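Structure first, commentary second.
The values are calculated or read from the model by the stated rules, or taken from the named source; none is laboratory data. Since we're looking at a predicted model, the values are computed, not measured. Glycine gets a Cβ as well: all are built from the backbone with ideal geometry, and neighbour counts include every protein chain shown. Accessible surface is based on the protein model in full, side chains and every heavy atom, while ligands, DNA and RNA are left aside. Shrake-Rupley method; radii C 1.70, N 1.55, O 1.52, S 1.80 Å.
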Amino acid sequence: MLFGRALLLPLYAILASSHGQSSENTPSWLSIRDSKAAGVNGCESVEGLSVGQLRLCQLYPDHMLAIASGVATAIAECQHQFQSRRWNCSTVQDSSVFGPLNNIGSRESAFVHSISSAGVTHSLARQCRDGQLSSCSCSRAARPKDLHSDWKWGGCGDNLVYGYRFTQSFVDVRERETRYRRGTQRQGRALMNLHNNEAGRRAVIVMSRVTCKCHGVSGSCSLITCWQQLPSFREIGDYLRDKYDGATEVKVNKRGKLQIKDPRFSLPSANDLIYVEESPSYCVPNTTVGSLGTQGRMCNRTSPGMDGCNLMCCGRGYNTQKVNLKERCECQFHWCCYVKCKLCVKTVDIHSCK
């Protein structure tokens, strides 16, 4: 089964019959992060787009910069969230973006799909509000039932509905194309990706909030206006990282559907992440799974967590090097108006995995 149902129906029915590249093949559509010229040089210049994605690109060329911005933001957030773990969301310098990771249905792949879908949703919703896209504008969301009756519902809110719908069409069409192809494992992986794409979009909606502002003379707050506002993307990243830690393992049955692997655990909701393959250790370089290994990675000697030298270095030990750091110190404010500081040298120990 595919856990959970979409909040809204797909936006463009014309995409249902498209047949393109599998989500397990390279290049990846995430290569659009570097495609600032998508709206200038034409959609054909973007590597990795499936047939359905290419059609949407041609119909909505002004959306491509927003999508590219969302993908770039998502990758940067992924690297922030995993900077202290064995897998640090490293990318490669080609159009596959994440290299062989695309071929493994692991927790990491689940997170990449969810954060990418969330990034595109977030970017489109914000650019609608800012008037950057021709086919959308401020949010037309209904007034919340629990909003104070004297408060005005208006302003120019982030258009979460449009961001959700367009992302669902653009991102999911690639996986829906794959589902039409034969092969139980391929169909199952497409279902996994669809589920995690949806979880990413829902994260944007779950973390959004109603924001209000006072208006009036001398702060009298005689009028209060409220609107729908996106969360910061750091909040979304924190939320999805927690979902990564609690992801549920599923398996593909003979009919090409997903079912929970261990019946002792509860079914994941549409907000949770799922995976079909165990993650590799990422301890040593392995080009087959896209692991760069942890040799040379900096670690925290005193930390018991994943950033600690024991876990980060996989029990191989670590090297310690003394490094002199220069930093500003003993800063003083002088009237008027500048700050004068001294340059201090501090010796610190840097630990790196063997």
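Largest mean-square fluctuation among V250, V120, V210, in a Gaussian network model of the chain whose springs join Cα atoms under 10 Å apart, belongs to V210. Contact order for the stretch 108-164, expressed relative to its length and based on alpha carbon pairs under 8 Å spaced 6+ residues apart, stands at 43 percent. Against the empirical curve 2.2 N^0.38 Å, the C-alpha radius of gyration of the stretch 190-306 lands at a ratio of 1.59. Along its principal axes, the stretch 186-253 has C-alpha extents of 65, 21, 14 angstrom, given from the largest down.
Remark: the chain carries a charge dipole of roughly 380 debye about the Cα centre, counting +1 on each Lys and Arg Cβ and -1 on each Asp and Glu Cβ.
Taking R33, R202, R143 in turn, the Gaussian network model of the chain (Cα-Cα springs below 10 Å) assigns the largest fluctuation to R143. Within the same chain, aspartates and glutamates fewer than 8 places from K346 are excluded, and of the rest, those with a Cα less than 12 Å from its Cα are E327.
In 5 Å bins starting at 0, how do the alpha-carbon pair distances of the stretch 62-136 split up by percent? Taking all Cα pairs of the stretch 62-136, the binned fractions are 3, 16, 23, 23, 15, 10, 7, 3, 0 percent. Normalising the average separation of contacting C-alpha pairs (under 8 angstrom, six or more residues apart) by the number of residues puts the relative contact order of the stretch 166-270 at 25 percent.
Within the same chain, lysines fewer than 8 places from K261 are excluded, and of the rest, those with a Cα less than 27 Å from its Cα are K243, K251.
Simple point charges give the picture: +1 on the Cβ of Lys and Arg, -1 on the Cβ of Asp and Glu, and for the stretch 102-164 a dipole about the Cα centre of about 140 debye. Just flag the trypsin sites (Lys or Arg not before Pro) in the stretch 75-181 sitting in loop per DSSP whose Cβ has no more than 15 other Cβ atoms within 10 Å. Listed in order of number, the matching sites are R140, K145, R181.
Along its first, second and third principal axes, ordered by size, the stretch 105-261 spans 67, 34, 25 Å in Cα coordinates. Look at the dipole of the chain built from charges on Cβ: of S139, S116, C314, the Cα furthest out on the positive end belongs to C314. Each Cα pair under 8 Å and six or more residues apart adds its separation to the average, and for the chain the resulting relative contact order is 17 percent.
How long are the semi-axes of the ellipsoid equivalent to the chain, from square roots of 5 times the Cα gyration tensor eigenvalues, in whole Å, largest first?
35, 33, 21
Counting Cα-Cα pairs of the stretch 249-354 in 10 Å increments starting at 0 gives whole-percent bin shares of 12, 21, 19, 20, 13, 9, 4, 1. Charges were assigned to the Cβ only: +1 to each Lys and Arg, -1 to each Asp and Glu. The resulting dipole of the stretch 203-297 about its Cα centre is roughly 260 debye.
Going by accessible area, probe 1.4 Å, with all protein chains left in place, what is the ranking of Y244, Y164, Y318, largest first?
Sorted by accessible area, descending: Y318, Y244, Y164.
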